[in-house]
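A short worksheet on the structure shown next.
Readers should treat all values here as calculations from the given coordinates under stated rules, not as data from a laboratory. The structure presented is a predicted model; accordingly, all values stated were derived computationally and were not measured. Please note: Cβ atoms are built from the backbone with ideal geometry, for glycine as well, and neighbour counts cover all protein chains shown.
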């Protein structure tokens, strides 16, 4: 199975100040672990292009896109919300992150790869159509999913979100859209304090109490995600791959380990093999303990590649 990893040096240039958990070292830790695990030579590498404005506009309002572009400072930081800042390189990095997701989608649909992982930042799943928040500026996975539907002509896509935080931006983009099934779990109550109530029919949200172990998450996925995915029969699957539900990550308080991420990825890969010609595009979201992040991404990419 051919798996590609998309990234770009521009994604290292965005930073939000000393001590901020969403830091460039996250991508360095991932790369180091891919090399140390000896799987780096078994996967293909691709450079992330810049996203077209038209791709962003399939999810975000033009006013939001313009606001992010003009908010980029010439020096220092410009704060968008209390957690989320831009430096002079953020606009370019955000275009690379969204561009990676779109390019990977095209490559997988065209059959160049079976699946792909986008090792990019800034992340995206908190970005709503008209608002940046939670370290996110543009919703990379939502942009890629809309591209698959509206440019590449797919009829049904699934979005899997296993970040410790609810993907409020993705839900805002797709709630009520019968072409999209979104399956997620997240710690609750927890930032951004959404997702547990008033779910649209195409949302399968699994709120998890703090300290929930991986075994309980697996059981919930088996009982609630997998039957809905089987019924939905997606033609492609997108993953918001957050690794901050790892038990070593201080930004959350769930109890997953690397084997849990491998198991989840394998279940998704099985669904994709049955209904979607194996087509999966995964994009990095959270994960802030650098060691746990790198190890978890290795487990995820191993499972994507079937190695």
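Per-residue extension of 0.36 nm, minus the Cα-Cα distance of residue 222 and residue 291, leaves a gain of 22.0 nm for this segment. Scaled against 2.2 N^0.38 Å for its residue count N, the alpha carbon radius of gyration of the range 160-307 is 0.96. Placing R0 at 30 angstrom, the Cβ-Cβ distance between residue 215 and residue 25 gives a FRET efficiency of 0.45 after rounding to 0.05. Residue order for 266, 110, fewest other beta carbons within 10 angstrom first, comes to 110, 266. With neighbours defined as other Cβ atoms within 10 Å of a residue's Cβ, the residues 265, 212 order from fewest to most as 212, 265. Convex hull volume of the C-alpha atoms in the range 3-305, normalised per residue: 109 Å³. In the calculated pair-distance distribution of the range 113-247, the portion above 20 angstrom amounts to 42 percent of the Cα-Cα pairs.
Principal axis extents of the C-alpha atoms in the range 1-115 (largest first, rounded to whole Å): 42, 33, 20.
Would you mind ranking 295, 112 by Cβ crowding within 10 Å, fewest neighbours first?
Values: 295 22, 112 14.
Starting with the residue having the fewest Cβ neighbours, the order is 112, 295.
Geometric descriptor of the range 51-175, per residue, is 104 Å³ (volume of the convex hull of the Cα atoms).
FRET efficiency for residue 231 and residue 198, Cβ-Cβ distance as r, R0 = 22 Å, nearest 0.05?
Values: r = 22 Å, r/R0 = 1.00.
Efficiency, from the Cβ-Cβ distance: 0.50.
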